[in-house]
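Have a look at the structure below, then the notes.
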Amino acid sequence: MKILGKLIKYDFSDIGKLIFPFYIGLGVTGIGIRMLLFALANNGMDEYLKFTLTLFQSTLYFVYTVVAIGSVIMLHYGVIVRFHRSVYGNEGYLTNTLPISTPQIILAKLITCLSWFIINAFIILLTFLLIIPLEEIISSKFWENPNFIQMIDYLKAVLGIQYILPTIILFIVFLIFWTIERVLFLFFCVIVANITISYRILTGAALFFIAGGFLNITKRMILVFTYLYNPSLRLETGNMALNVVKYIISANTGLIVLTGIVSVILFLTVNYILKNKLNLE
């Protein structure tokens, strides 16, 4: 268990070196946008200066978007590179001689990558709160707006907490399962690409987009057919809002089950190939 912890720590640190500069960029642009929001809130500002600051703010919004997307792309790249180096590269000789089993190696890397995906989502959300005009939203007292109050009362009346809370929980659980599946699928693409003699990068990229797209379409088709041929899921209540929420709950539950099954299959496949088809460089 101690060796497993060290493996997780080393992988975590190595991916962090790649992704940390993006977090600095998100923080700097987020703080810059927040400062400009405060400055532009001054109604007595000169029009030319206000135009200049607004233009600069728009540029920072664009930079923030690019950096946020870049952090997601870099995280995928980090997962791929880290897995390849530690299993197939020079580090592979050390990794595969450690006194731990192959499933434990896969599990350690899965935990590391899952942690980074969660951290990445949290940091993007945190910095996003910096770039939205919270002061204007709060000062508008939208919760006192009659239309907003009417909408909340309607949701409470037709849905109730027994539907709202499960929907939120199921969506969060689904995101975690989906992330696990995504990480294992990246592992799968790396090991299949490594089996090929040539064009490994092209093979891995093609597998990621083609097989990944086919997998997503297949899961959606299963959900659609399940919905069409299961009358209990199509039981209409006469309430459109309630019907939508019930469908979302059903869809999230189905996606969790399907994603869990695919994740298990991917884990077993990766484990089998690493045990029987390992080809160190």
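The values are calculated or read from the model by the stated rules, or taken from the named source; none is laboratory data. Computed from a predicted model, the values in this text were never measured in an experiment. As a convention, Cβ positions derive from the backbone with ideal geometry for all residues, glycine included, and neighbour counts pool all protein chains shown. Accessible surface is based on the protein model in full, side chains and every heavy atom, while ligands, DNA and RNA are left aside. Shrake-Rupley method; radii C 1.70, N 1.55, O 1.52, S 1.80 Å.
Of note:
- Filter result for residue 103 (at pLDDT 70 or above and in a helix (DSSP H, G or I)): yes
- Screening the candidates 125, 114, 110 for the property of being in a helix (DSSP H, G or I), within 21 Å of residue 193 (Cα to Cα), of a type outside the set (Lys, Arg) and at pLDDT 90 or above yields one hit, 110.
- Pairs where the first residue, in the stretch 71-82, is hydrophobic (A, V, I, L, M, F, W, C) and the second is open to solvent by 50 Å² or more (accessible area, probe 1.4 Å), C-beta under 7 Å, 6+ apart: 74/18; 74/22
- Residue match in the stretch 146-159 (condition: open to solvent by less than 40 Å² (accessible area, probe 1.4 Å), over 25 Å from residue 13 (Cβ atoms) and either part of a helix (DSSP H, G or I) or at pLDDT below 75 (or both)): yes
- Conditions (1) open to solvent by less than 60 Å² (accessible area, probe 1.4 Å); (2) at pLDDT 85 or above: number failed by residue 65: (1)
- Residue 72 vs. criteria open to solvent by 70 Å² or more (accessible area, probe 1.4 Å) and more than 25 Å from residue 269 (Cα to Cα): no
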